[in-house]
Structure formats: structure tokens, C-alpha cells
Amino acid sequence: MEFEELFLCARQSDKEALLKIIELYRPLMIKYAMVDEKLDEDLYQELVYRLLVCVTKFPYERK
């Protein structure tokens, strides 16, 4: 499945698509959730939450 299809499914609250998007961005979110070489779980959860909010609110028109 292409990212665009995955994104559109996630916008429709498809849980499987949302989980796949989280998995795609997981390494990046872990990178930014590291504090003093340790994973800050609260920060990671906040990043996941913000990613989900962005997916649902991102203005997008299919071409």
C-alpha cells in the first residue's frame, strides 16, 4: 500500500492504517524522545499523540 492510500485510510480512523503510520515514524519519534541517552516515555507518547492529531487534521485533497 502506498503512503497516500495508508494516509487516507488513517484519516478515516482505520486503526490498522494508524498503527502502520506510527510504525513508519517510530524511529524518528524515538530519536526525538531521547533525553540524556534514555527514552522519555512521556515525550514519546506525546509525539505519537501529535502525529495522530496531524494525520486527522492535515488539509489534503486527492489529485
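The values are calculated or read from the model by the stated rules, or taken from the named source; none is laboratory data. Treat the numbers as computed from the prediction; the structure is a model and nothing was measured. Glycine also receives a Cβ, built like all others from the backbone with ideal geometry; neighbour counts cover every protein chain displayed.
Got a sec? Which of Asp36, Asp40 is at pLDDT 95 or above and surrounded by fewer than 12 Cβ atoms within 10 Å (Cβ to Cβ)?
From the options Asp36, Asp40, the qualifying one is Asp36.
Just to be sure I understand the filter: pairs with C-beta atoms under 7 Å, separated by 6 or more residues or on different chains, first member in segment 1-30 and under 24 Å from Leu43 (Cβ atoms) and modelled with pLDDT under 95, second member surrounded by 14 or more Cβ atoms within 10 Å (Cβ to Cβ) and basic (Lys, Arg). Which pairs pass?
Final answer for the pair search is none.
Identify the residue in segment 5-47 that is within 11 Å of the chain's Cα centre (by Cα) and small (Gly, Ala, Ser) and, among all such residues, is nearest to Lys63 (Cα to Cα).
Looking at residues that are within 11 Å of the chain's Cα centre (by Cα) and small (Gly, Ala, Ser), I get Ala10.
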